[in-house]
Amino acid sequence: MSKDNLIIKNFKPLHNKIYFNGGFFMEKRIVLKEKIVGLSISDVILVGVLLAVGAVLKFFVGSMFSVGMKPNFIIAMYCLAILLIKPKFFEAIIIGILAGGICQVFPGTPYINLISEPIGALVMALLMYLPLQIKKFSLKPIVATFLSTLASGSAYIGVLYMAFYTGANVKTMPISVFIVMVLGTAVINSIIVQVLYVPLKLALGRDKND
């Protein structure tokens, strides 16, 4: 085949023809990558698996702790999920609602978690944008989980007392006891997430720059 008749074609290109002195042309391929909007299937599966693990741990391990400071595995797992997939704000809220729905299966004041967990998840998503690290060591897992657990716990206490003072039939404790419980849970949750984050991130091949 002579140069005059040479055509190099690529499937589904945007054609940019480049002419030469010899009279032949080549077709330049321009590849357009479709941007994925929203969570991928693997992200959704990961969130579901982590929330399920959190529910199982809360049922079996959480029951070993007496009333007081103890881990909240559901909060820890949705914080871990948000760290790994870095969702948009509305997606984080949906994750929080799902976590709050799972909490309804366990003993406690009903429905309050449907408010407190979306708040905790949203705080977690907001903290993803802060440069929380020392050199190459990321502080996001421990700091963000601690603050998100505080946000969730504070929202829970606030809604509980609002319900109490409006005449709802709910059980309360002195606010100082609640504060100690929330702080203790926040510390334990942050340690759990910090320990699990790096191994899971490496196993899943997630972003290594964080």
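The values are calculated or read from the model by the stated rules, or taken from the named source; none is laboratory data. Remember, predicted model here, so these are calculated numbers, not experimental data. Here Cβ is always computed from backbone atoms with ideal geometry, including for glycine, and neighbour counts include all displayed protein chains.
For this structure, a couple of remarks:
- Applying a threshold of 8 Å to beta carbon distances and a minimum spacing of six or more residues, or different chains, the list of pairs starting in region 88-104 at a residue that is more than 12 Å from residue 78 (Cβ to Cβ) and ending at one that is in a helix (DSSP H, G or I) and not aromatic (Phe, Trp, Tyr) reads 88/125; 89/122; 89/125; 89/126; 104/113; 104/114.
- Candidates 105, 49, 56, filtered to the one that is assigned to a loop (DSSP other than H, G, I, E, B) and among the β-branched types (Val, Ile, Thr): 105
- Residue satisfying all of: in region 171-186; crowded, with 16+ Cβ neighbours inside 10 Å and out of contact with any Lys or Arg (no Cβ under 9 Å at 6 or more places or on another chain); nearest to residue 149 (Cα to Cα) among these: 186
- Residues of region 160-174 satisfying the condition of being closer than 15 Å to residue 111 by Cα and either at pLDDT below 85 or not in a helix (DSSP H, G or I) (or both): 168, 169, 170, 171
- With respect to the conditions (1) farther than 21 Å from residue 61 by Cα; (2) modelled with pLDDT of 90 or more; (3) of a type in the set (Gly, Ala, Ser); (4) surrounded by fewer than 20 Cβ atoms within 10 Å (Cβ to Cβ), residue 148 falls short on a single one, namely (4).
- Residue 157 within 20 Å of residue 42 (Cα to Cα), at pLDDT 90 or above and β-branched (Val, Ile, Thr): no
- In the set 143, 187, 177, only one residue is under 26 Å from residue 104 (Cα atoms), touching a residue at least 12 places away in the same chain (Cβ under 8 Å) and in the same structural domain as residue 80 (by TED's automatic domain parsing); that residue is 187.
- When the criteria are applied in full, residue 110 fails the requirement of being modelled with pLDDT under 90 and either farther than 20 Å from residue 58 by Cβ or buried (at least 17 other Cβ atoms within 10 Å of the Cβ) (or both).
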